[in-house]
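Please read the structure below before turning to the comments.
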Amino acid sequence: MSGRALRRHLASRAMTAVVVVLSFTAVLALLLILGDLVLKGASSIDWAFFTKSPVPAGQSGGGVANAIVGTGIIVGLAALIGVPIGVAAGLYLAEYGSGRLGFVVRFIADVLNGTPSIVVGIVAWTFIVRPTHGYSALAGSVALAILMIPMLARTTEEMVRLVPHSLREAALALGYPRWRTSLKIVARTALGGIVTGCLVGIARIAGETAPLLFTALGNLNFSVDITQPMQSLSLQIYVYATGPFEEWHRLAWASALVLMGLVLIISITARWVTRQRYGRIR
Amino acid sequence: MTSLPIESPPRPPRLTRPRPQSLHATDRSDRIYRSVLTGFALGLPLLILIILGVLFTGALPALKRFGPTFLWTSTWDPVAEVYGAAPMIFGTLASSLLALLIAVPLALSVAVFLTEFSPGWLRQPVAFLVELLAAIPSVVYGTWGIFVLIPFLRAHVVPPLKAVLGWTPFLQGVFYGNSLLAGGVILAIMIVPYIAAVSREVLLAVPASQREAALAMGATRWEAVRSAVLPYGRAGLIGAVILGLGRALGETMAVTMLIGNRHDIGVSLLQPAYTMAAAIANEFSEATTNLYQSALFEVGLILFVLTVTVNAIARVLIWRVARGQAVGSRAL
């Protein structure tokens, strides 16, 4: 090998090494965070953690039952509002979205996907908290629903587009009207993918904190009334982690582990659903 | 139909009704279906208009009172009712740029590794891990930042940095923990998966013929990447980076927990700073006077317009490479 070829060869090897090292640094960060969560959070998780509400500051014990239930209610309600709108918008993009309006809607969905969630919190505050003169879980759910819609629209569109054209043509050729073809044949075939999209969306909003700060506000007591302030795991973590007490820090780690576990379970279920439907496409 | 020589397929039941009526009926239901879907789709443009409208109306009192000086004055005094957002705008830009500086090499490496160098069996697991990184909630990053990252920076990063670069204005003052540096580093960790996921899909959209052509001309593997793959995807890669910038600009919780929340402009990375999102998060529910609240609305308006612009630019660039695909939408 001539000197020049050798140099080029070595340069290639060196750059490959750099890329590999940097990649593993990035992945290492994730492993560190997950590892710390388990190390510092797991020891504080016991039965009381899931079944009790918080005790006053300074005392030990107590749990985050109110926050877990609150997260479930706020996120569930957000999904109820956001999923139909997001999925319908996605169906529009897939079925009729080839024109100018489709282009605009698609572009806006992509742009809205990166909207700061705190700004959406301000919008929910303006429409719900200000007129009703009170913070409420409902306002939090509306904020989270708004965050979900653009994401769901795009994933639904992608999933519906994966349905083979022949299927649609077959249904239309049999005299099926277009709307029934769309709902009963195309959307049903893509159902697995749409469910995946919804789960990924739910996983993302389940961890959101910023839009809840001045909508759902947080609540130290157990509450299931959606017109009143309600605690969520994410809000609880924020309060505990930034608070002054050792005991709170312990609970912050434990709550973070629970929230992370929740998000991971939803995300992994989502992947599993996709794999069931599409095998190894992705 | 019956005169055709071949056997006709069994008719679907719907067609046994009188033909013109049936066609008319489906026509109408199709139109209804289409307009319902269109209505939902129109919700998205409407949403962006509503957000803009809400922020603008809320910001009106502050806009009238301070005009454009709001952007470059630094006083933020709720008692005297004087507001200027310069420190937050500065802090937002500075922390985001610092984050990009750290995140871009890491994220592009992950993307290049996954598409070009990785052995097949490693691709799925690494891609999955990076996607998980994107799934970690912001507040969890913040918690980790407070209890792990800051002590780590204090013990292992700041002292050597100060020893080498301590004479520069960027490393003046004492490191107490909550600082521009801590905020920037946590942001970097948070945006790596976004940039990596989008860059990866951009690189996947580069035709294999580009690589093969370079390799066939005798290029080494790195030369093929550098001279064929990266230039082909350049617009998309820049788009991915800008998308990461958009994320960093609007990121709230982790930064609020780490950046120190002080209304100050300083170039030292070791000093506390503030961002627009953090100011809204901290002060919105405490804003008692109308003007105070209005000033925060205006901060929200600036933040929204900034991120929407940045995201729009990013999308245009990405669409140029991977036309019309929802690139990275799963990770985002």
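The values are calculated or read from the model by the stated rules, or taken from the named source; none is laboratory data. Keep in mind the model is a prediction, meaning the values are calculated, not measured. Please note: Cβ atoms are built from the backbone with ideal geometry, for glycine as well, and neighbour counts cover all protein chains shown.
Name the residue that is nearest to the other protein chains (Cβ to nearest Cβ), counting only residues in the range B:264-299 that are in contact with an Asp or Glu (Cβ under 9 Å, 6 or more places away or on another chain) and not in a helix (DSSP H, G or I).
B:Thr275
Within the range A:133-144, is even one residue within 7 Å of chain B (Cβ to nearest Cβ), buried (at least 22 other Cβ atoms within 10 Å of the Cβ) and touching a residue at least 24 places away in the same chain (Cβ under 8 Å)? Please lay out each step first, then the result.
Within the range A:133-144, the first condition is being within 7 Å of chain B (Cβ to nearest Cβ), and the residues that meet it are none.
No, the range A:133-144 contains no residue that is within 7 Å of chain B (Cβ to nearest Cβ), buried (at least 22 other Cβ atoms within 10 Å of the Cβ) and touching a residue at least 24 places away in the same chain (Cβ under 8 Å).
Do you know which residues across the range A:116-132 are of a type in the set (Ser, Thr, Tyr), closer than 18 Å to A:Leu77 by Cβ and within 7 Å of chain B (Cβ to nearest Cβ)?
The answer is A:Ser117, and nothing else.
Within the range B:194-224, restricting attention to residues that are surrounded by fewer than 24 Cβ atoms within 10 Å (Cβ to Cβ) and of a type in the set (Val, Ile, Thr), which residue is nearest to the other protein chains (Cβ to nearest Cβ)?
Looking at the filtered set, the residue picked out is B:Thr220.
For the range A:19-35, indicate whether the set of residues that are more than 12 Å from every other protein chain (Cβ to nearest Cβ), farther than 30 Å from B:Leu44 by Cβ and either in contact with a Cys (Cβ under 6 Å, 6 or more places away or on another chain) or not in a loop (DSSP other than H, G, I, E, B) (or both) is non-empty. Please lay out each step first, then the result.
As a first pass, look at the range A:19-35 and keep what is more than 12 Å from every other protein chain (Cβ to nearest Cβ): none.
Looking for residues that are more than 12 Å from every other protein chain (Cβ to nearest Cβ), farther than 30 Å from B:Leu44 by Cβ and either in contact with a Cys (Cβ under 6 Å, 6 or more places away or on another chain) or not in a loop (DSSP other than H, G, I, E, B) (or both), one finds none in the range A:19-35, hence no.
Within the set of pairs 6+ apart or on separate chains, which have a first residue in the range B:313-327 that is on the phi > 0 side of the Ramachandran plot, a second that is modelled with pLDDT of 80 or more and not polar (S, T, N, Q), and C-beta atoms under 9 Å apart?
Between residues of the range B:313-327 that are on the phi > 0 side of the Ramachandran plot and residues that are modelled with pLDDT of 80 or more and not polar (S, T, N, Q), the close pairs are B:Gly324/A:Phe103; B:Gly324/A:Arg106.
Would you please name the residue that is surrounded by the most Cβ atoms within 10 Å (Cβ to Cβ), looking only at residues in the range A:205-224 that are modelled with pLDDT of 90 or more and closer than 20 Å to A:Gly63 by Cα? Write out each step before concluding.
Of the residues in the range A:205-224, the ones modelled with pLDDT of 90 or more are A:205-216.
Then keep just the ones that are closer than 20 Å to A:Gly63 by Cα; that gives A:206-207, A:209, A:216.
Values: A:Ala206: 24, A:Gly207: 25, A:Thr209: 30, A:Ala216: 33.
Of everything passing the filter in the range A:205-224, A:Ala216 is surrounded by the most Cβ atoms within 10 Å (Cβ to Cβ).
Which residue out of A:Ile185, A:Ile237, A:Ile226 is assigned by TED's automatic domain parsing to the domain that holds A:Ile74 and in contact with a Pro (Cβ under 9 Å, 6 or more places away or on another chain)?
Details: A:Ile185 fails: in contact with a Pro (Cβ under 9 Å, 6 or more places away or on another chain); A:Ile226 fails: in contact with a Pro (Cβ under 9 Å, 6 or more places away or on another chain).
Just one listed residue meets the conditions, A:Ile237.
Restricting the range B:108-126 to residues that are surrounded by 20 or more Cβ atoms within 10 Å (Cβ to Cβ) and more than 7 Å from chain A (Cβ to nearest Cβ), which is nearest to B:Gly246 (Cα to Cα)? Before the answer, list the steps.
At the first step, the residues of the range B:108-126 found to be surrounded by 20 or more Cβ atoms within 10 Å (Cβ to Cβ) are B:108-115.
Narrowing the set further to residues that are more than 7 Å from chain A (Cβ to nearest Cβ) leaves B:108, B:111, B:114-115.
Details: B:Leu108: 17, B:Ala111: 19, B:Leu114: 24, B:Thr115: 24 Å.
Once the filter is applied, the top-ranked residue is B:Leu108.
Please verify whether A:Glu169 is charged (D, E, K, R), surrounded by fewer than 23 Cβ atoms within 10 Å (Cβ to Cβ) and within 12 Å of chain B (Cβ to nearest Cβ), treating the condition exactly as stated. Before the answer, list the steps.
Numbers: charged (D, E, K, R): yes; surrounded by fewer than 23 Cβ atoms within 10 Å (Cβ to Cβ): yes; within 12 Å of chain B (Cβ to nearest Cβ): no.
The answer is no for A:Glu169.
Any residue in the range B:162-176 that is under 30 Å from A:Leu212 (Cα atoms), surrounded by fewer than 22 Cβ atoms within 10 Å (Cβ to Cβ) and either touching a residue at least 60 places away in the same chain (Cβ under 8 Å) or within 19 Å of the chain's Cα centre (by Cα) (or both)? Break it down into steps so the answer makes sense when it comes.
Looking only at the range B:162-176, we keep the residues that are under 30 Å from A:Leu212 (Cα atoms), and these are B:176.
After this cut, where a residue has to be surrounded by fewer than 22 Cβ atoms within 10 Å (Cβ to Cβ) as well, the list is B:176.
Going one step further and asking which of them are either touching a residue at least 60 places away in the same chain (Cβ under 8 Å) or within 19 Å of the chain's Cα centre (by Cα) (or both), we end up with B:176.
Within the range B:162-176, one or more residues are under 30 Å from A:Leu212 (Cα atoms), surrounded by fewer than 22 Cβ atoms within 10 Å (Cβ to Cβ) and either touching a residue at least 60 places away in the same chain (Cβ under 8 Å) or within 19 Å of the chain's Cα centre (by Cα) (or both).
Among A:Ala48, A:Ala67, which is farther than 17 Å from A:Phe245 by Cα and surrounded by 15 or more Cβ atoms within 10 Å (Cβ to Cβ)? Write out each step before concluding.
Values: A:Ala48 fails: surrounded by 15 or more Cβ atoms within 10 Å (Cβ to Cβ).
Going through A:Ala48, A:Ala67 in turn, the sole match is A:Ala67.
Among the residues of the range B:81-105, which ones are surrounded by fewer than 24 Cβ atoms within 10 Å (Cβ to Cβ) and aliphatic (A, V, I, L, M)?
Within the range B:81-105, B:Val82, B:Ala86, B:Ile89, B:Leu93, B:Ala94, B:Leu97, B:Leu98, B:Leu100, B:Leu101, B:Ile102, B:Val104 meet the criteria.
Any chance the range B:96-114 includes a residue that's modelled with pLDDT under 95, under 30 Å from A:Gly82 (Cα atoms), in contact with a helix residue (DSSP H, G or I) (Cβ under 7 Å, 6 or more places away or on another chain) and not in a loop (DSSP other than H, G, I, E, B)?
No - not one qualifying residue is present in the range B:96-114.
Quick one: A:Ala14 ticks every box in (1) in the same structural domain as A:Leu152 (by TED's automatic domain parsing); (2) over 25 Å from the mean Cα position of the chain (by Cα); (3) of a type in the set (A, V, I, L, M) bar one, so which box is it?
Every condition holds for A:Ala14 apart from (1).
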